[in-house]
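Below: one structure, written as structure tokens.
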Amino acid sequence: MTTYQVTLEPLNESFECGEEETVLEAALRHGYNLVHGCREGRCTACKSFLAEGYVDLKPYSTFALSTSEEEEGFTLLCRAVPESDIVVELLDYDPEDYRLENPVIEAAGRVAAIEPLTHDITLLTLETDGDHFLFQAGQYVDLAVPGGEETRSYSMANLPGSGTLEFIVKRYPGGVFSGLLDGKLAVGDPLSFAGPYGNCVLKHQPSESGCLLIAGGSGMAPMLSLLRAIVETGAPTRPVTFFYGGRALRDLFYLEQIEELGSRLERFEFVPVLSQPGDADVWGGERGFIHEAVDRNLRRPSAPSAAEQRIYMAGPQVMIDATVELLTQVHDVDADRIAYDTFG
């Protein structure tokens with residue numbers, strides 16, 4: 001098999017990339033913790049500059065990489081397949097944390113439980129085979145669709161070390177994987193997966209005042225994992241505000257679990273936000289879109305400065321885009337203080 005050399009600048013690190021794998025796939029295989037998100041060319045997390053060489057791009061969204069950007073030399077590492085030796089200039093990287101804490105591996109497990117959480121969200125618990133699968137709170141895996149070659153990405157909602165993986169899955173009619181949760185997948189069935197992936201992990205520094213957790217729909221999973229990590233190993237004295245967006249009252253779940261976790265922090269606030277007019281009219285809490293609720297709360301005189309916090313988000317692309325714009329353009333938050341995963 002033909003291989004090409006990929007050089008990462010300004011890290012001055014190199015590795016081999018196969019002729020059929022993307023730069024990001026090869027980087028993860030070699031243990032490099034490159035910033036990435038969706039791995040499907042939909043977000044902009046892995047956007048970099050191609051300084052030397054040539055690549056072929058797999059299908060991607062022009063939202064993530066415009067035609068003019070590609071002509072200027074920018075590329076998406078999750079879509080770029082080298083056609084020669086290349087030199088890549090990373091636009092977003094941590095010079096002190098560019099090696100993976102846990103290697104990306106292929107593993108297997110069996111379904112331990114399938115439990116409904118709401119009318120369209122299910123908790124899938126997977127018992128892993130062999131040694132405990134290691135990951136960081138906020139990361140995700142690719143679950144293999146039984147009987148085919150497709151995969152779907154889901155974040156873990158629990159913490160590592162238990163021998164199980166908990167996934168909060170939003171069911172879609174005809175969903176390639178989520179559709180199996182309507183009786184086609186049963187306890188005891190085998191499932192294989194690969195990971196861990198994702199950079200939406202805790203990155204707090206001693207000087208930071210606290211954090212915002214912002215989730216919509218099944219984006220609850222990584223934010224719940226992060227909240228659990230903050231309680232168990234993070235900084236329980238720092239303020240934590242957890243925003244969760246849904247359409248209606250029936251979309252809210254895990255309220256007691258979140259309340260119990262929050263009770264173990266000195267300063268914690270959970271802010272559910274409903275957008276559906278009918279329920280929002282009788283809802284005693286926040287209403288509207290989640291970025292609007294975030295804005296209102298950050299404008300309170302008692303609210304910690306957003307610019308001094310870390311922000312973690314998971315949810316639909318439209319929610320992520322609106323909230324990132326709000327935080328960076330209105331509340332002066334540096335983009336490198338925001339970590340997110342897009343769902344959908």
| task | Being among the acidic types (Asp, Glu), surrounded by 13 or more Cβ atoms within 10 Å (Cβ to Cβ) and either in contact with a Cys (Cβ under 9 Å, 6 or more places away or on another chain) or at pLDDT below 95 (or both) narrows it down to one of Asp336, Asp321, so name that one. | result | Asp321
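For the structure I just gave you, tell me whether Ala113 is exposed (fewer than 15 other Cβ atoms within 10 Å of the Cβ) and either over 21 Å from Glu9 (Cβ atoms) or not assigned by TED's automatic domain parsing to the domain that holds Glu256 (or both). Lay out the reasoning, then the answer.
Numbers: exposed (fewer than 15 other Cβ atoms within 10 Å of the Cβ): yes; either over 21 Å from Glu9 (Cβ atoms) or not assigned by TED's automatic domain parsing to the domain that holds Glu256 (or both): yes.
Considered against the rule, which asks whether it is exposed (fewer than 15 other Cβ atoms within 10 Å of the Cβ) and either over 21 Å from Glu9 (Cβ atoms) or not assigned by TED's automatic domain parsing to the domain that holds Glu256 (or both), Ala113 comes out as yes.
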| field | Which listed residue is within 18 Å of Asp321 (Cβ to Cβ), in contact with a Ser or Thr (Cβ under 7 Å, 6 or more places away or on another chain) and in contact (Cβ under 8 Å) with a residue 60 or more places away in the chain, from Gly41, Gly37 | value | Gly37
| Tell me, which helices (runs of 4 or more DSSP H) lie completely within the stretch 202-311 with 3 or more residues that are modelled with pLDDT under 90? | 277-282
| request: Would you check which residues across the stretch 250-261 are buried (at least 18 other Cβ atoms within 10 Å of the Cβ) and under 15 Å from Ile230 (Cβ atoms) and list them? | output: Ile258, Leu261
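For the stretch 35-42, does any single residue satisfy the condition of being at pLDDT 95 or above, on the phi < 0 side of the Ramachandran plot and of a type in the set (Lys, Arg)?
Residues of the stretch 35-42 at pLDDT 95 or above: none.
No, the stretch 35-42 contains no residue that is at pLDDT 95 or above, on the phi < 0 side of the Ramachandran plot and of a type in the set (Lys, Arg).
In the set Leu8, Leu50, which member is surrounded by 14 or more Cβ atoms within 10 Å (Cβ to Cβ), hydrophobic (A, V, I, L, M, F, W, C) and under 21 Å from Ala339 (Cβ atoms)? Spell out the reasoning first.
Details: Leu50 fails: under 21 Å from Ala339 (Cβ atoms).
Result of the check over Leu8, Leu50: Leu8.
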| Which one of these does Ala64 not meet: (1) in contact with a Ser or Thr (Cβ under 6 Å, 6 or more places away or on another chain); (2) farther than 26 Å from Tyr140 by Cβ? | (2)
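The values are calculated or read from the model by the stated rules, or taken from the named source; none is laboratory data. Keep in mind that this is a model prediction, so the values were computed, not measured. Neighbour counts are summed over all protein chains in view; Cβ atoms, including those assigned to glycine, are modelled from backbone coordinates with ideal geometry.
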